[in-house]
1. Are any residues in the range 1-53 in contact with a Gly (Cβ under 8 Å, 6 or more places away or on another chain), modelled with pLDDT of 95 or more and outside any strand (DSSP E or B), and if so, which ones?
2. Out of (1) open to solvent by 40 Å² or more (accessible area, probe 1.4 Å); (2) farther than 19 Å from V157 by Cβ; (3) in contact with a strand residue (DSSP E or B) (Cβ under 9 Å, 6 or more places away or on another chain), what's the single condition that is false for K205?
3. Can you name the condition, by its number, that A252 falls short on among (1) under 21 Å from Y139 (Cα atoms); (2) assigned to a strand (DSSP E or B)?
4. Does D193 satisfy the condition of being touching a residue at least 60 places away in the same chain (Cβ under 8 Å) and touching a Pro at 6+ places or on another chain (Cβ under 9 Å)?
5. Quick check on this structure: which one of H400, H405 is modelled with pLDDT of 95 or more and touching a Cys at 6+ places or on another chain (Cβ under 7 Å)?
6. Would you be able to tell me the number of residues in the range 125-145 that are open to solvent by less than 10 Å² (accessible area, probe 1.4 Å) and more than 14 Å from the chain's Cα centre (by Cα)?
7. All but one of (1) open to solvent by 10 Å² or more (accessible area, probe 1.4 Å); (2) within 26 Å of L43 (Cα to Cα); (3) assigned to a strand (DSSP E or B) hold for L242; which doesn't?
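The values are calculated or read from the model by the stated rules, or taken from the named source; none is laboratory data. Remember, it's a predicted structure, so these values are computed and weren't measured experimentally. Virtual Cβ from ideal backbone geometry, glycine too; neighbours counted across all protein chains shown. SASA here: full protein model, heavy atoms, side chains in, ligands and nucleic acids out. Shrake-Rupley method; radii C 1.70, N 1.55, O 1.52, S 1.80 Å.
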Amino acid sequence: LCVLTGLQSYAVTIGPVADLVIANAQVSPDGFIKSAVLASGTLPGPIITGQKGDTFKINVINHLNDETMLTSTSIHWHGLFQRHSNQMDGAAFVTQCPISPGHSFLYEFNAGEQVGTYWYHSHYGVQYCDGLRGALIIYDPQDPYRFLYDIDDESTVITLMDWYHVPSPQVQRQVVPDSVLINGVGSYPGGPDTPYAIINVQPYKRYRFRLLNMACKPNYVFSIDDHKLIIIEADGQYVEPLVVDSIQIYAAQRYSFILETNRPVDNYWVHAVPNLGISSMAILRYAGSPDADPEIRLTPNPVALQEPDLHPLYPSLPMLLQEDGAAIKLTIVLAQNETNFNFLVNGVQYTSPTIPVLLQLLNGDVSTSEMAPNGSIYFLPRNRVIEISWIPDLAPGRPHPFHLHGHKFAVIRSAGSSRYNYINPVLRDTVNTGFLGDYVTIRFITDNPGPWLLHCHIDWHLYSGMALVFAEASQDVAASQPLNSSKQLCPIYYSLPQQNFS
């Protein structure tokens, strides 16, 4: 039995060169014992760290054997662009076949100029909902905000995730999570008493906290009683400092905020309120405070984060923000199939092909009309501005947070707003596409050849078809990233007694 505790013991860090062993274990993060899929024996997985410019070499070793869940696996490095290393993106059946049980695969990539807060998770079926997820932090020696904080290490990483008491293949997408885990700790109604996660701080210090929503479904409103949050990063991109009382964070998004421990020495509640299911709390504990729960407080949070208020610290490329400068404008209509209740993107349900899209492109013997999955691959020319707008009206389960692999994008129009910003829109990699009547619009530049997935990051929605693939500069893929090790995965995977192409 593996019983996991809070942040006070969640200080396992590895990288940038390391083994990541994927195995099943019994866990009880909220007091309910169940089998899970763990990375190197922890929930969440160990924090993978590196410095700007580092080459990451993460050898993923598959020891999975619990057949109530998927036993093959793949790892996506969420938010990392994988320039010249598309085969390392980790999206099953887009850039690789899954890693079969008893085998390993070395993910080797350089993050280039990227710094900030990222994460890794399984990108095969809904496997990450069984536990395979963790933070990935790239530290910046030239951080422009370094003078604003004193402490930024493994103790300042805060992860939020949903948790289910049955294996992920048995979870219905409309099911409410059984609990919310903050740094791997939670509780559920009627369950045993479990200790709160403790976030320990020293008085009169300035902390850079890194907040990650690693959920498969909910978004959360995050706040800390009696403390202001100064946002300085969104999804790996520096933003101008923005002071708020609470942060609504959607699945797969990340924020860094500075917190000053200038309140009286005491214990303070940390809140994570989901849009569905029960809330969870942790404790911010000042050194010198008693080992006790905080007093009950009803602290108002009048200043909530609004995405249009986020602005990049550094300007975008001018070509990205010319009002009439988009070479291609794509409207994405989200809907539901009334027969099987799966999701449709522009009338097509995404289903994983048996041969990864990257291998199809590199084989060169398949015409664009024959590429699989048919109707879900969009070919884009190189070095053009692409504008995407969503119409989410016909798809239940809103709001849908969409993530684009291989890129950051400018959010020209945010959910809940009718204003278009062509001057200083926030740059990020995952955006909330909103509710009925919203028309969220983003732009990105096709400067990274390869097949890149665009999908809802509610994992049950991705599994049910809410995705498409951009085949970007397809004629340049072979020259920009010659394929080597990943193609060896497919023959092994295809030889398994059963394959689940998901």
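1. Of everything in the range 1-53, those that are in contact with a Gly (Cβ under 8 Å, 6 or more places away or on another chain), modelled with pLDDT of 95 or more and outside any strand (DSSP E or B) turn out to be P16, P29, D30, G31, F32, L43, P44, G45, P46, G53.
2. So K205 meets the others, but not (2).
3. A252 satisfies every listed condition except (2).
4. Working: touching a residue at least 60 places away in the same chain (Cβ under 8 Å): yes; touching a Pro at 6+ places or on another chain (Cβ under 9 Å): no.
So D193 fails the test.
5. H400
6. Residues meeting the conditions: 2.
7. Here L242 meets the rest and fails (2).
Per-residue answers, yes or no, for (1) closer than 24 Å to S85 by Cα; (2) over 26 Å from the mean Cα position of the chain (by Cα):
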residue: D324; (1), (2): no, yes
residue: I328; (1), (2): no, yes
residue: I332; (1), (2): no, no
residue: N340; (1), (2): no, yes
residue: V345; (1), (2): no, no
residue: P353; (1), (2): yes, no
residue: L358; (1), (2): yes, no
residue: A372; (1), (2): yes, no
residue: L394; (1), (2): no, no
